[in-house]
1. Can you find a residue in the stretch 130-143 that is in a loop (DSSP other than H, G, I, E, B), under 15 Å from LEU34 (Cβ atoms) and either modelled with pLDDT of 90 or more or open to solvent by less than 50 Å² (accessible area, probe 1.4 Å) (or both)?
2. Taking interchain pairs and intrachain pairs at least six residues apart, which have beta carbon atoms under 7 angstrom, with the first residue in the stretch 60-88 and over 17 Å from ASP44 (Cα atoms) and the second assigned to a helix (DSSP H, G or I) and open to solvent by 50 Å² or more (accessible area, probe 1.4 Å)?
3. Might you check whether a residue that is charged (D, E, K, R), assigned to a helix (DSSP H, G or I) and open to solvent by 40 Å² or more (accessible area, probe 1.4 Å) occurs anywhere in the stretch 6-17?
4. Which one of these is out of contact with any Lys or Arg (no Cβ under 9 Å at 6 or more places or on another chain) and over 25 Å from ALA138 (Cβ atoms): ASP17, ASP49, ASP44, ASP70?
5. Looking at the stretch 32-40, is at least one residue of a type in the set (Gly, Ala, Ser) and free of Cβ contacts under 8 Å to residues at least 60 places away in the same chain?
6. Among the residues of the stretch 145-174, write down those that are under 15 Å from the mean Cα position of the chain (by Cα), open to solvent by 70 Å² or more (accessible area, probe 1.4 Å) and free of Cβ contacts under 8 Å to residues at least 60 places away in the same chain.
7. Answer yes or no as to whether ALA177 is over 14 Å from the mean Cα position of the chain (by Cα), modelled with pLDDT under 50, open to solvent by 10 Å² or more (accessible area, probe 1.4 Å) and among the hydrophobic types (A, V, I, L, M, F, W, C).
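The values are calculated or read from the model by the stated rules, or taken from the named source; none is laboratory data. Given the structure is predicted, the values throughout are model-derived calculations rather than measurements. Please note: Cβ atoms are built from the backbone with ideal geometry, for glycine as well, and neighbour counts cover all protein chains shown. Ligands, DNA and RNA are stripped out before the accessible areas are found, and what is left, the full protein with its side chains, is counted by its heavy atoms. Shrake-Rupley method; radii C 1.70, N 1.55, O 1.52, S 1.80 Å.
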Amino acid sequence: MLGDDAELTAAVLAAQDGDETAFRTVYRSVHPRLLGYVRTLVGDPDAEDVASEAWLQIARDLERFSGDADRFRGWAARVARNRALDHLRMRGRRPAVGGDETELAGKPGDADTATEAMESLATGEALALIARLPQDQAEAVVLRVVVGLDAKSAAQTLGKRPGAVRTAAHRGLKRLAELLGSQGADPRDALDAVPPQREPRGCAVTSGGVTQSRTRTQKDM
């Protein structure tokens, strides 16, 4: 385990021991991509609030978490997804799921497709295009490519089989390439426009309305 993953794993362990600086490192590393995932579920107007609720739960339950950086990203994504679905139920809305998921289970996807989609787009444009996909494809793309989960972790988050997630991501990325082509962008470009995995130290973090969890506030994360 090298680089950012090793740093995130160490930060999670330190945060579990009450290190506030380490928790801020965890937040800055995971939040931008987690927020992008929440946006695909609830839309932009409510995404910050839902993400804030997710971070409150993450901070509250962190001591019970066990695992490395990959497991933490998957766990955080599950927490965020549950908060997003609760929000949609409260509003009387549900995400529009496209297609029959059972047809995906036995069809493997091409993992290399993730390198052929959206480098030429700004982050907001990329997420706006993802939001046009059927919900199963949108979630699979964001979890695999934006959040950075492997197929197994993404499948656990969604309650599906890894093969179904791989295929949904493959189909979603193929559709994104088509959408990019219709806009005159190069579909061979990669997804470097998504939020960075971690922010430079000292970067300001936008508050999403979290007031306090233990002694942490979101403006301090």
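1. First pass over the stretch 130-143, keeping only residues in a loop (DSSP other than H, G, I, E, B): 131-134.
Within this subset, residues satisfying the condition of being under 15 Å from LEU34 (Cβ atoms) are none.
The answer is no; no qualifying residue exists.
2. GLY74/GLN156
3. yes
4. The match here is ASP17.
5. Within the stretch 32-40, not a single residue is of a type in the set (Gly, Ala, Ser) and free of Cβ contacts under 8 Å to residues at least 60 places away in the same chain.
6. Passing the criteria: only LYS152.
7. no
One line per residue, one yes/no per condition, for (1) at pLDDT 95 or above; (2) of a type in the set (D, E, K, R):
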{"site": "PRO45", "(1), (2)": "no, no"}
{"site": "GLU48", "(1), (2)": "no, yes"}
{"site": "TRP55", "(1), (2)": "yes, no"}
{"site": "ILE58", "(1), (2)": "yes, no"}
{"site": "LEU62", "(1), (2)": "yes, no"}
{"site": "SER66", "(1), (2)": "no, no"}
{"site": "PHE72", "(1), (2)": "yes, no"}
{"site": "ALA76", "(1), (2)": "yes, no"}
{"site": "VAL79", "(1), (2)": "yes, no"}
